[in-house]
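Below is one structure, written out as structure tokens, with a few remarks after it.
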Amino acid sequence: MKTLKIITPEDQTLRQKAVPVERIKDMGLQQLIDRMIATMREANGAGLAAPQVGESIRLAVIETPAEVDDDGNEIPDSRKLFTIINPEITWSSRKQVDGIEGCLSIPGYVGEVSRHQAVHVTGLDRAGKKLNLKLKGWVARIFQHEIDHLDGVLYTDKLTSPEHFWTEEEFEELQKEDEEG
């Protein structure tokens, strides 16, 4: 399947509030979803929002990381794929956690962002069926990141501090230094 071009912050589409999807059963929308999934997987991403491929609509695809067994082997079929249309965060935990994030639209960089530890998200799946998701941890972080994209917000807008933004290489060096003590 042909993948899509992921845009970078120079493209103003990333800074616009995306419009709600009106026609779920539209063949063009279903093809866009399939291409977004292929693009996300090819780029080794955990999520991809439609604005990141130049479509200013409220749509995102998310795939959870695979679970691993005690020996560190990936458990088959443990990844979960979500397509969420017109998502809305309806509840957020008071507790927030700092975590490192990257973004397919800002390749080569990572930053520390504080996010709610748990959220409830409503929306529609690709068939138009209502979703009501209770999410926590890493999956909650991914959903918050992608929903931010739909509001024209990038993770770099939410850094815990301007100093907490690194190239991937700088961050790997910092991790090595921490491990070595």
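The values are calculated or read from the model by the stated rules, or taken from the named source; none is laboratory data. This one's a predicted model, so the numbers in the text were calculated from it and none came from an experiment. Reconstructed Cβ throughout: ideal geometry from the backbone, glycine too, with neighbour counts over all protein chains shown. What goes into the accessible areas is simple: the full protein's heavy atoms, side chains included, and nothing from ligands, DNA or RNA. Shrake-Rupley method; radii C 1.70, N 1.55, O 1.52, S 1.80 Å.
I'm checking my understanding of the structure. Among residues of the stretch 69-105 that are part of a loop (DSSP other than H, G, I, E, B) and among the hydrophobic types (A, V, I, L, M, F, W, C), which one is farthest from residue 145 (Cα to Cα)?
Out of the qualifying residues, it is 75.
Before we move on, is residue 122 among the hydroxyl-bearing types (Ser, Thr, Tyr), closer than 29 Å to residue 12 by Cα and either in contact with a helix residue (DSSP H, G or I) (Cβ under 8 Å, 6 or more places away or on another chain) or part of a helix (DSSP H, G or I) (or both)?
So residue 122 does not fit the description; no.
Among the residues of the stretch 101-119, what is the count of those that are farther than 16 Å from residue 8 by Cβ and of a type in the set (A, V, I, L, M)?
3
Looking only at the stretch 1-40, count every residue that is open to solvent by 70 Å² or more (accessible area, probe 1.4 Å), assigned to a helix (DSSP H, G or I) and farther than 26 Å from residue 129 by Cα and tell me the total.
2
Can you tell me which condition residue 60 does not meet? The list is (1) part of a loop (DSSP other than H, G, I, E, B); (2) among the small types (Gly, Ala, Ser); (3) surrounded by 19 or more Cβ atoms within 10 Å (Cβ to Cβ), and all the others hold.
Going through the list (1) part of a loop (DSSP other than H, G, I, E, B); (2) among the small types (Gly, Ala, Ser); (3) surrounded by 19 or more Cβ atoms within 10 Å (Cβ to Cβ), residue 60 breaks only (1).
Which residue pairs have Cβ atoms closer than 7 Å, lie 6 or more positions apart in sequence or on different chains, and pair a first residue in the stretch 168-181 that is touching a residue at least 24 places away in the same chain (Cβ under 8 Å) and farther than 13 Å from residue 100 by Cα with a second residue that is assigned to a helix (DSSP H, G or I) and open to solvent by less than 100 Å² (accessible area, probe 1.4 Å)?
Final answer for the pair search is none.
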